[in-house]
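The values are calculated or read from the model by the stated rules, or taken from the named source; none is laboratory data. As the structure is a prediction and not an experimental result, all values here were calculated from the model. For neighbour counting, all protein chains shown are included, and Cβ atoms are generated from backbone atoms with ideal geometry for every residue, glycine included. In case anyone asks, the SASA skips ligands and DNA or RNA and just uses the protein heavy atoms, side chains included. Shrake-Rupley method; radii C 1.70, N 1.55, O 1.52, S 1.80 Å.
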Amino acid sequence: EDQVTQSPEALRLQEGESSSLNCSYTVSGLRGLFWYRQDPGKGPEFLFTLYSAGEEKEKERLKATLTKKESFLHITAPKPEDSATYLCAVRTSGSARQLTFGSGTQLTVLP
Amino acid sequence: DTEVTQTPKHLVMGMTNKKSLKCEQHMGHRAMYWYKQKAKKPPELMFVYSYEKLSINESVPSRFSPECPNSSLLNLHLHALQPEDSALYLCASSQGSVGTSGNTIYFGEGSWLTVV
């Protein structure tokens, strides 16, 4: 059974304090790992798709990386507006039709 | 530009009411989805349409009835709901057929449903 685990569950940072969120996965045949940002009461906003180990993608203060067992979302010099829940999800060869989500990391950036 | 539009944003309905949630996308995507999300939980898949045909029904109770009138529109008809059905209902879409692995799924802002 495909499993996706995100850690930590919650993270509080001071503005400018860089850190990383982790998404570890146990799947058969990864066909894509997705990062989303979700603000309270709103739908998930797409951030990145990663397909193969070694791949990296960047957007503003965010950088996503992928290994064969996990993905990291690095946040450099975060600002209060980066506060949100960050969701990781995978698509696999066994469940190509749907996403398997992790439980999310709730990030709070204090001014 | 990725945009999935959902209406209404908020809906309060009684247990005997019939209402509908609507979703629209103009990105030419051929797969459309309904997800349900409870507080502090990840989204849970309900239905998937691929090329306007129902492809996946995740054992959803019949009080939820999906409809795909055309490739841009997706509806979710609601009837005789229970208070535990109160949640954020998310519509989403992706390019190509639903079985194309790796396709990114784009979500709408969601419809907040409260059943009283």
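Just B:K19, B:K41, B:K53 to compare: in a GNM of chain B, with alpha carbon springs under 10 Å, which one fluctuates most?
Greatest mean-square fluctuation among the candidates belongs to B:K41.
What whole-number value in Å² describes the accessible area per residue of segment B:4-115 for a 1.4 Å probe?
Per-residue value: 45 Å².
Write down the Å³ per residue value for the convex hull defined by the alpha carbon atoms of the protein assembly as shown.
118 Å³
Counting other Cβ atoms within 10 Å of each Cβ, which chymotrypsin sites (Phe, Trp or Tyr not before Pro) in segment A:22-65 have at most 16 and sit in a DSSP loop?
In loop regions of segment A:22-65 (DSSP not H, G, I, E or B), the sparsely surrounded chymotrypsin sites (Phe, Trp or Tyr not before Pro) are A:Y51.
In Å², rounded to the nearest 100, what is the total accessible surface buried by chains B and A against each other with a 1.4 Å probe?
1800 Å²
As an exercise, use a Förster radius of 35 Å and the Cβ-Cβ distance of A:R12 and B:N17 to find the FRET efficiency, rounded to the nearest 0.05.
Working from the Cβ atoms, E equals 0.25.
For chain B, can you list the cysteines whose C-beta has no other cysteine C-beta under 4.7 Å from it?
Singleton cysteines: B:C68.
For segment B:4-115, how big is the tail of P(r) above 24 Å, as a whole percent of Cα pairs?
Percentage above 24 Å: 18.
Might you work out the accessible area of A:E58 for me, using a 1.4 Å probe with all protein chains in place, and round it to the nearest 10 Å²?
140 Å²
Consider a paramagnetic label point 7 Å from the Cα of B:Y51 along Cα→Cβ; state which residues of segment B:8-45 have an amide N under 12 Å from it.
Those under the cut-off are B:30-31.
Using a 1.4 angstrom probe on heavy atoms only, work out the carbon and sulfur share of the accessible area of segment B:1-85 in %.
49 percent
Rolling a 1.4 Å sphere over the protein heavy atoms, what is the accessible area per residue of segment A:1-96, to the nearest Å²?
Computed with neighbouring chains in place, this is 49 Å² per residue.
On full extension of the chain, what length is gained from A:E56 through A:D2, given 0.36 nm per residue of separation minus the C-alpha to C-alpha distance?
17.2 nm
Restricting to segment A:3-110, compute how many DSSP beta bridges are antiparallel as a %, nearest 5.
Here the antiparallel bridges make up roughly 90 percent for segment A:3-110.
So which chymotrypsin sites (Phe, Trp or Tyr not before Pro) in segment B:1-84 are both in a DSSP loop and have at most 16 other Cβ atoms within 10 Å of their Cβ?
Hits after loop and neighbour filter: B:Y51.
Please check segment A:27-53 for residues whose accessible area, probe 1.4 Å, is lower by 20 Å² or more when all protein chains are in place than in their chain alone.
Residues losing area: A:R31, A:F34, A:Y36, A:Q38, A:G41, A:K42, A:G43, A:P44, A:F46, A:Y51.
Starting from the 7 Å offset along Cα-to-Cβ, what nm value, one decimal, do you get for the label separation of B:A80 and B:S62?
Calculated label separation equals 0.8 nm.
Using a loss threshold of 40 Å², tell me which positions in segment B:1-45 are less accessible in the complex than in their chain alone. Probe radius 1.4 Å, ligands and nucleic acids ignored.
By number: B:P42, B:P43.
Just how large is the dipole of chain B about the Cα centre, in debye to the nearest 20, putting +1 at every Lys and Arg Cβ and -1 at every Asp and Glu Cβ?
260 debye
Would you compute, for the Cα atoms of segment A:3-110, the largest minus smallest coordinate along each principal axis and list the three values in descending order, in whole Å?
Computed over segment A:3-110, the largest-to-smallest principal extents equal 41, 30, 20 Å.
Round to a whole number: what % of the accessible area of segment A:3-110 belongs to carbon and sulfur, probe 1.4 Å?
45 percent
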